[in-house]
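Enquirer: One structure follows; several queries about it will come next.
The values are calculated or read from the model by the stated rules, or taken from the named source; none is laboratory data. As the structure is a computational prediction, the values presented were derived from the model and not from experiment. A quick note on method: Cβ atoms are made from the backbone with ideal geometry, for glycine too, and the neighbour counts reach across all protein chains shown. The area values use the complete protein model at the heavy-atom level, side chains included, leaving out ligands, DNA and RNA. Shrake-Rupley method; radii C 1.70, N 1.55, O 1.52, S 1.80 Å.
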Amino acid sequence: MCMYPKAIAITNRHLCERDFLVQVERMAKADVGAVILREKDLTEAEYRDLASQVKEVLKPYETTLILHTQVKVARQLNQRKIHLPMDMLRREDVSDFDLVGASTHSVEEAIEAEKLGANYVTASHIYPTDCKKGVEPRGLHFLEEVVSTVHIPVYALGGITKERINAVLATGASGYCMMSYFATL
């Protein structure tokens, strides 16, 4: 797998219509380049167990597993790829990770994330999404601005559908993240 895939699946097992691990394998078979394991409601021990299971499911595929916020678990599992919100990136030492991603919501945050050592950023939210009901999307112009400002890959996040992928990629974004679509393929 290339270090920076076009399609990144962000998990939410509550959206899955079938067994979560079966769904993860379906994502891998659909040529998703990376899976961000974003299961916020789990305890550290539950997350570690799930991450171990997902790691095993993805092993036969060329799909990168990126843990979300669980720095300690990532180190315990020798999983050197992590995705963090900005508040965590600001306070965590992640110099021992091979790949560090950051969630950004402004051009300034994207610049800061790059300075703090992020290898890539997600820029959100681009389109209306159920995750941010009632919050105005930032749009493609915002995405273009982030892409033209930082020197690391930028992934669009929020309301991305199959029909919107070409418009997203036309901005120069390195790729896109999807949650709902990948949870139901």
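Enquirer: What is the Cα radius of gyration of segment 85-177 over 2.2 N^0.38 Å, N being its residue count?
Expert: The value comes to 1.05.
Enquirer: Which order, highest average first, do 47-56, 156-165, 134-143 follow once you tally other Cβ atoms within 10 Å for each residue and take the mean per peptide?
Expert: 156-165, 47-56, 134-143
Enquirer: Further question on the same structure: So for the chain, considering every pair of alpha-carbon atoms, how many percent are separated by more than 25 Å?
Expert: So the portion of pairs separated by more than 25 Å is 29 percent.
Enquirer: Hey, could you grab the Kirkwood Rh for segment 1-55? Inverse mean 1/r over distinct alpha carbon pairs, Å, one decimal.
Expert: When all Cα pairs of segment 1-55 are included, the Kirkwood radius is 11.9 Å.
Enquirer: Something else now. Work out from phi, with θ = phi - 60° and the Karplus expression 6.51 cos²θ - 1.76 cosθ + 1.60, the ³J(HN,Hα) of each residue of segment 86-102, listed in order in whole Hz, and give x for Gly and Pro.
Expert: Karplus values, whole Hz, x for Gly and Pro: 4, 4, 6, 4, 5, 10, 8, 8, 10, 5, 8, 9, 7, 9, 10, x, 9.
Enquirer: Then there's this: Given a 1.4 Å probe and heavy atoms of the protein chains only, how would you sort 179, 27, largest accessible area at the top?
Expert: 179, 27
Enquirer: Then there's this: For segment 95-174 and segment 19-89, write down the distance between their C-alpha centroids in whole Å.
Expert: Cα centroid to Cα centroid, the span is 20 Å.
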